[in-house]
1. Identify all residues within the range 110-139 that are crowded, with 20+ Cβ neighbours inside 10 Å and in contact (Cβ under 8 Å) with a residue 24 or more places away in the chain; write none if there are none.
2. Filter the range 178-192 for residues that are touching an Asp or Glu at 6+ places or on another chain (Cβ under 8 Å) and surrounded by fewer than 18 Cβ atoms within 10 Å (Cβ to Cβ) and give the result.
3. Inside the range 60-90, can you point out the residues that are buried (at least 17 other Cβ atoms within 10 Å of the Cβ), of a type in the set (Gly, Ala, Ser) and at pLDDT below 95?
4. Considering each residue of the range 108-122, count those that are part of a strand (DSSP E or B) and out of contact with any helix residue (DSSP H, G or I) (no Cβ under 9 Å at 6 or more places or on another chain), and give that number.
5. Considering only the range 212-232, how many residues are surrounded by 18 or more Cβ atoms within 10 Å (Cβ to Cβ) and assigned to a strand (DSSP E or B)?
6. Could you check LEU138 against (1) closer than 22 Å to ILE70 by Cβ; (2) modelled with pLDDT of 95 or more and say which number it fails?
7. Regarding the range 140-152, can at least one residue be identified that is outside any strand (DSSP E or B) and more than 17 Å from LEU190 (Cβ to Cβ)?
8. Taking GLY61 and the conditions (1) touching a Cys at 6+ places or on another chain (Cβ under 8 Å); (2) closer than 28 Å to LEU190 by Cβ, which numbered condition does it fall short on, given that it satisfies the others?
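The values are calculated or read from the model by the stated rules, or taken from the named source; none is laboratory data. Treat the numbers as computed from the prediction; the structure is a model and nothing was measured. Note that we place each Cβ from the backbone using ideal geometry, even for glycine, and neighbour counts take in every protein chain shown.
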Amino acid sequence: MSEGSVCKTSATRFWGLPALRGKIGRNGRNVCIFFLAAFAVSIAPLGADTFTFRADQMSGGRATGKETIILTGNAEVHSDNLVLKASRIEIFGENNEFIDCTGNVWGQEQEKEIFFQTDRLRYDRKLKIARLEGNASLEDRKNSIVAKGRFIEYDDEKEVTIFQVEVRLFKDDLVCRSQYAVYRRKEKQLDLSGFPVVFKKQDEFRADRIRVDLDTDDVTMEGSVSGSIKEE
């Protein structure tokens, strides 16, 4: 199989690229498989989104009209302001709408200076929502915030992040813990529930629900309120 050869059935271009020689699958459908080293490719945009990718190896198919791209080895995707890197990245759906990253996943929202790491990340390019699973962490460098959880959902357009299970958030002398949290970036507001506790320097606050103003570090508590304050 040589680069630039074309699938025998037609001169169809695969995702805007010349297809390599393919194999005939079941029911006579043509499936094209790519093996390229250290390539970078631009493909059809979703709306005004600029979308490019690179990897050590790529495979893909159009069986039953469903387009799929699988990137392996130093895989990297650029979608508008978002950069994603992982051991394996799968791109699928209408207009390459969905991205599924696994293995040493790292990402960056360049304009907002938001960075994240996780075991698995799924991204919807249309809704601009990223879902992180496993040992997940998110860093908002503009606001000096680092947060961790077992599940993180980041809505880029609304700038709202949901954290679930073993949630921890760090900001200067502030440490917050809970099982569920909502971070509203525009308002610089954090809502905690599920056995929440906030440590502010040597002070400790507990309640059923806690709201933290991340601009002033003020704490508002509701339900079964308790705490301790150490006088300096």
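1. ILE114, PHE116, THR118, LEU121, TYR123, ARG125, ALA130, LEU132, LEU138
2. Hits for the range 178-192 are GLN179, VAL182, ARG184, LYS186, LYS188, GLN189.
3. Hits for the range 60-90 are GLY60, GLY61, SER79.
4. Applying the first criterion (part of a strand (DSSP E or B)) to the range 108-122 yields 108-109, 114-122.
Adding the requirement that they be out of contact with any helix residue (DSSP H, G or I) (no Cβ under 9 Å at 6 or more places or on another chain) leaves 108-109, 116-122.
Residues in the range 108-122 being part of a strand (DSSP E or B) and out of contact with any helix residue (DSSP H, G or I) (no Cβ under 9 Å at 6 or more places or on another chain): 9 in total.
5. First, pick out the residues of the range 212-232 that are surrounded by 18 or more Cβ atoms within 10 Å (Cβ to Cβ): 212, 214, 219, 221.
Now drop any that are not assigned to a strand (DSSP E or B), which leaves 212, 219, 221.
Matching residues across the range 212-232 total 3.
6. It is condition (1) that LEU138 fails.
7. no
8. Of (1) touching a Cys at 6+ places or on another chain (Cβ under 8 Å); (2) closer than 28 Å to LEU190 by Cβ, only one is false for GLY61: (2).
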